1. State in Å² the accessible area per residue of the stretch 89-169; use a 1.4 Å probe, count heavy atoms of protein chains only, and round to the nearest integer.
2. Just to be sure I follow the definition: excluding the sites themselves, where is the longest run in the chain that has none of the chymotrypsin sites (Phe, Trp or Tyr not before Pro) in a DSSP loop with at most 13 other Cβ atoms within 10 Å?
3. If you roll a 1.4 Å probe over the chain with all protein chains in place, what percent of the accessible area is carbon or sulfur?
4. Note the direction-averaged projected area, equal to a quarter of the hull surface, for the Cα convex hull of the chain, in nm².
5. Work out the FRET efficiency for R52 and A118 from their Cβ-Cβ distance, taking R0 = 22 Å, and round it to the nearest 0.05.
6. Contact order normalised by length for the chain, with contacts defined as Cα pairs under 8 Å and 6 or more residues apart; what percent is it?
7. Looking only at L159, L51, L31, which one moves most when the chain is put into a Gaussian network model with springs between Cα atoms under 10 Å?
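The values are calculated or read from the model by the stated rules, or taken from the named source; none is laboratory data. Nothing here was measured: the structure is a model prediction, and the numbers come from that model. Reconstructed Cβ throughout: ideal geometry from the backbone, glycine too, with neighbour counts over all protein chains shown. Quick note on the areas: whole protein, heavy atoms, side chains included, nothing else; ligands and nucleic acids left out. Shrake-Rupley method; radii C 1.70, N 1.55, O 1.52, S 1.80 Å.
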Amino acid sequence: QGVLDEITWNASGWPTISGGRGTSTRAAAPLGIAPRERTHAFADDLDGPALRPGWQWPWDRVPARRFANGGLVLRTSANAGESAVDAIVARPTLSGDYTATARIVAVATNGAMAGIAAYGDNDNAIGMSRSGPSVVVWIREKGVQRTLASADVGSAASLELRIVATDGR
């Protein structure tokens, strides 16, 4: 992913990005160009018959995808293990400030999960998933997954899960 930011050179000849603070989450436009408000909002009901452009998945873990009963159904790839991110479709974040919401309408009770996550890679993610009558908040760090919290939601017909990020956090 490309980054456009100020680079200066220190006395030793090494490059420094943003005065040593790393890449900026917000910065003035170069050449004095006035900033434009841009919206990256989108909505997708994931009701088929195919995924719309912009959806992605890990190159080595392409999930089997189909639409059934008005929603998207994913199955893990043959080389998947036993983690919350083994069958995933994703949208890239285009800003450090965003809200993502997923409505989970039905989940099989045989250990299947459906949810929403902030995904770094297969070894690093955090999310919430519904599995049967429970919702679970989980984290995956360096390939090790653990549950942070869980709650019984019973047989609710649908459940909305939301992630809010502010300033990249």
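1. Details: 4920 Å² over 81 residues.
With all protein chains present, the stretch 89-169 gives 61 Å² per residue.
2. Values: sites that count: F42, W59.
Here the longest run is 60-169.
3. Details: 6290 of 12180 Å².
About 52 percent, which is the carbon plus sulfur part of the accessible surface.
4. On the way: hull surface 52.8 nm².
Over every viewing direction, the Cα hull of the chain projects on average to 13.2 nm².
5. 0.55
6. Working: 257 pairs, mean separation 26.1, N = 169.
Here the relative contact order equals 15 percent.
7. In this elastic network of the chain, the residue with the biggest mean-square fluctuation among L159, L51, L31 is L31.
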